[in-house]
1. Identify, from the list 164, 155, the residue that is out of contact with any strand residue (DSSP E or B) (no Cβ under 7 Å at 6 or more places or on another chain), over 21 Å from residue 81 (Cβ atoms) and either without any contact (Cβ under 8 Å) to a residue 60 or more places away in the chain or acidic (Asp, Glu) (or both).
2. Quick check on segment 109-128: of everything there that is assigned to a loop (DSSP other than H, G, I, E, B) and over 14 Å from residue 59 (Cβ atoms), which residue is nearest to the chain's Cα centre (by Cα)?
3. Surrounded by 13 or more Cβ atoms within 10 Å (Cβ to Cβ) and in contact (Cβ under 8 Å) with a residue 60 or more places away in the chain: does that describe residue 123?
4. Any chance you could count how many residues in segment 157-199 are outside any loop (DSSP other than H, G, I, E, B), under 18 Å from residue 144 (Cα atoms) and among the charged types (D, E, K, R)?
5. Please work out if residue 90 is among the aliphatic types (A, V, I, L, M) and either without any contact (Cβ under 8 Å) to a residue 12 or more places away in the chain or over 30 Å from residue 57 (Cα atoms) (or both).
6. With the structure loaded, tell me whether residue 54 is farther than 30 Å from residue 183 by Cα and part of a loop (DSSP other than H, G, I, E, B) or whether it fails that test.
Amino acid sequence: MNDRLEMLLEKFRTLERELAMELQKKQDEFFYQVHKKKVRFQRGIKLEHRLLMKNAFQYIRESRPLVILTLPVIWSCVIPAVFLDVMITIFQAICFPIYGIPKVRRSDFIVIDRHNLSYLNIIEKMNCVYCGYFNGLVAYAREMAARTEQHWCPIKHAHRVGDIHSRYKYFFDYGDGKRYCQEIETVRREFEDLKQKNS
C-alpha cells in the first residue's frame, strides 16, 4: 500500500476514534449508558420520555393520507428482505470458509434498539424496528459483497464510485495488470485488519 493511502487510512481511523468520543458525549448529554448491548436511562428520564410520546391515534390522524396509502408498499419489502437475509447468511456460511474470508458478524450491522425509546408510540417503534432491520441488512449484505469482491475481483473501477465500501482500499488500481498478476493471491487473503479488529 502506498504512503499516501496509508496516511489517508490513518486519518480515517482518527476520525472513527473522534466519532466514538462524540457518541460517548451524547450518552452523557441524554443520560443513558450502553452496557452489554443494553441501553439504560437514568431514573426519571423514561418518565420524561413517556410524557413526550404522541399516542398512535393522534399520530395517524396527523399523518397525510398519501403517507398512509404508501405503507403497504413499504412493508411489502419485508418479504424480499427476509429472503435476502436468509440467502446471504447461507452463502456466507458455505462459501466464506472455502474462500478463507472472515465472516461478517450480522449483529455488527443489524442493530435494533430504537423501539426501547419511551417517547415513541407503537407505530413509530414498529417503523424503527423495520428501518433498523432493513438498513442494517443492506449494510450486512454490502460488507459481505465487499469481502467477496475482494476475493474474486479486487480491481478499482475506472469510473468514479458513489460510495466506496470498506474493502475497496485494498483493490488494485484500474489498469495495473502487472501488480494484479503478481499480487492477486495476496490481496485475496488480505484480511489482517479484520482479524485485528475482531480480536
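Bear in mind that the values in this text are calculations on the coordinates, not laboratory data. Since we're looking at a predicted model, the values are computed, not measured. Here the Cβ is made from the backbone with ideal geometry for all residues, glycine too, and neighbour counts use every protein chain on show.
1. On the way: 155 fails: out of contact with any strand residue (DSSP E or B) (no Cβ under 7 Å at 6 or more places or on another chain).
Answer to the check: 164.
2. Step one: filter segment 109-128 for residues assigned to a loop (DSSP other than H, G, I, E, B), giving 109-113, 117-121.
From the residues that got through so far, the ones that are over 14 Å from residue 59 (Cβ atoms) too are 109-113, 117-118.
Values: 109: 4, 110: 7, 111: 8, 112: 11, 113: 14, 117: 21, 118: 24 Å.
Only one residue tops the list, namely 109.
3. Working: surrounded by 13 or more Cβ atoms within 10 Å (Cβ to Cβ): yes; in contact (Cβ under 8 Å) with a residue 60 or more places away in the chain: yes.
Against the criterion (surrounded by 13 or more Cβ atoms within 10 Å (Cβ to Cβ) and in contact (Cβ under 8 Å) with a residue 60 or more places away in the chain), residue 123 qualifies.
4. 6
5. Numbers: among the aliphatic types (A, V, I, L, M): yes; either without any contact (Cβ under 8 Å) to a residue 12 or more places away in the chain or over 30 Å from residue 57 (Cα atoms) (or both): yes.
When the stated conditions are applied, residue 90 passes them.
6. Numbers: farther than 30 Å from residue 183 by Cα: yes; part of a loop (DSSP other than H, G, I, E, B): yes.
Taking the combined requirement at face value, the residue satisfies it.
A quick yes/no check of all residues on (1) surrounded by fewer than 10 Cβ atoms within 10 Å (Cβ to Cβ); (2) charged (D, E, K, R):
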position: 41; (1), (2): no, no
position: 60; (1), (2): no, no
position: 64; (1), (2): yes, yes
position: 72; (1), (2): yes, no
position: 84; (1), (2): no, no
